[in-house]
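Structure first, then comments.
The values are calculated or read from the model by the stated rules, or taken from the named source; none is laboratory data. If you're wondering where the values come from, they're calculated on a predicted model, not measured in any experiment. Virtual Cβ from ideal backbone geometry, glycine too; neighbours counted across all protein chains shown.
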Amino acid sequence: MSITSVSSKIAAISLFTIGLAAASWGVAYAEEAEEPAASLELVDPHVFRVCADPRNLPFSNEAGEGFENKLAELFAKKLDKKVSYAWYPGATGFVRNTLNAHKCDVIMGFPQGNDFAQVTNPYYRTSYALIFKPGSGIDGVESLDDAILKTKRIGIVAGTPPATYMARKGLLGKAKSYPLVIDTRFDSTSQAMIDDLESGEIDVGILWGPIAGYYAKKEGGKLGVASLTKEQGGPRLSYRIGMGVRPSDQEFKRLLNRMIQENQPEIDAILLSYGVPLLDEKDQPITSAALHKE
């Protein structure tokens, strides 16, 4: 899902104290309706049915261009199934109107700690990140404690965990705020921030890592990304992301867990191809070079 999605997912937890937001996720998964009680699993045996946002790159879109689309294709192939989608904007009502309505069986990106769905084992871990123009004075910055940031105009998505740190560190005075919850059919918070970064309206942005990495990769080295892994004493900025299924679908969850374990190198390769800044449990980056050594 989008910075709205993930951020909103994460936002629902903290949410995103995570206040994903996930960014993105994480997502506006702050829903009022719970899944109806069910004793039988209702997962389609022939189709890998995915709940997704139709306009939410780098996560998903109707053209199948997002990394969650590619992951869905990978899992469907391994399970000898076809792929189908139940499309719904990544905002309030997403889980209720897709997964819990039995229109689909899995949400491809879902943060651990969110109670609106059962979450599989994580298949990647990442964090919020700075995105900036190399040579603009941000190179080498690894924390929001860095004094140079007090002289910069920072773009921040309102209601996300990094905003809490910025308030505590006195960085909001010159900041430009962007809305967390939007309708992705018409707007893109992340694209608006990137446009402002390129025009000079802001000096540095803070985005959910997969989104920052995606835009940096699109720009072919014109933008730099630095994962925020050193912050202390506040909401987490790093999250483990799995897949969301209905609580009743325990066998399906176990199957997905096995598929994640058996296909982790291929999963990592897909994520890295989209610029997702993958982190191990010690906050060290997972790179393509490291994968090729295995």
For region 52-85, give me the residue count where each residue is small (Gly, Ala, Ser) and either surrounded by 18 or more Cβ atoms within 10 Å (Cβ to Cβ) or on the phi > 0 side of the Ramachandran plot (or both).
5
Given the criteria in the same structural domain as residue 60 (by TED's automatic domain parsing), of a type outside the set (Ser, Thr, Tyr) and either at negative phi or out of contact with any Asp or Glu (no Cβ under 8 Å at 6 or more places or on another chain) (or both), does residue 223 qualify?
no
crowded, with 17+ Cβ neighbours inside 10 Å and more than 29 Å from residue 99 (Cβ to Cβ): is that true of residue 132 in this structure?
yes
Of the residues in region 107-122 that are touching a Leu at 6+ places or on another chain (Cβ under 7 Å) and in a strand (DSSP E or B), the one that is nearest to residue 58 (Cα to Cα) is 108
Output the number of the condition that residue 165 fails; it satisfies all remaining conditions of (1) in contact with a Ser or Thr (Cβ under 7 Å, 6 or more places away or on another chain); (2) crowded, with 21+ Cβ neighbours inside 10 Å.
(1)
State all residues of region 38-75 that are assigned to a strand (DSSP E or B) and polar (S, T, N, Q); if no residue qualifies, say none.
56, 60, 61
Going by the structure shown, is residue 220 assigned to a loop (DSSP other than H, G, I, E, B) and closer than 23 Å to residue 58 by Cβ?
yes
Which condition from (1) crowded, with 22+ Cβ neighbours inside 10 Å; (2) modelled with pLDDT of 95 or more is the one that residue 159 breaks?
(2)
Of those in region 123-172 that are of a type in the set (S, T, N, Q) and outside any loop (DSSP other than H, G, I, E, B), the residue nearest to residue 198 (Cα to Cα) is 151
Could you run through region 182-207 and say how many residues are touching a Phe, Trp or Tyr at 6+ places or on another chain (Cβ under 8 Å) and under 21 Å from residue 150 (Cα atoms)?
8
Single unsatisfied condition, residue 266 versus (1) at pLDDT 95 or above; (2) over 24 Å from residue 159 (Cα atoms); (3) in the same structural domain as residue 141 (by TED's automatic domain parsing):
(3)
Contact list, first residue from region 122-150 and at positive phi, second anywhere and of a type outside the set (S, T, N, Q), beta-carbon distance below 8 Å, six or more apart or interchain, is 137/148; 137/152; 137/203
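Is it the case that residue 258 is under 27 Å from residue 47 (Cβ atoms) and at pLDDT 95 or above?
Yes; evaluated as a whole, the condition is true for this residue.
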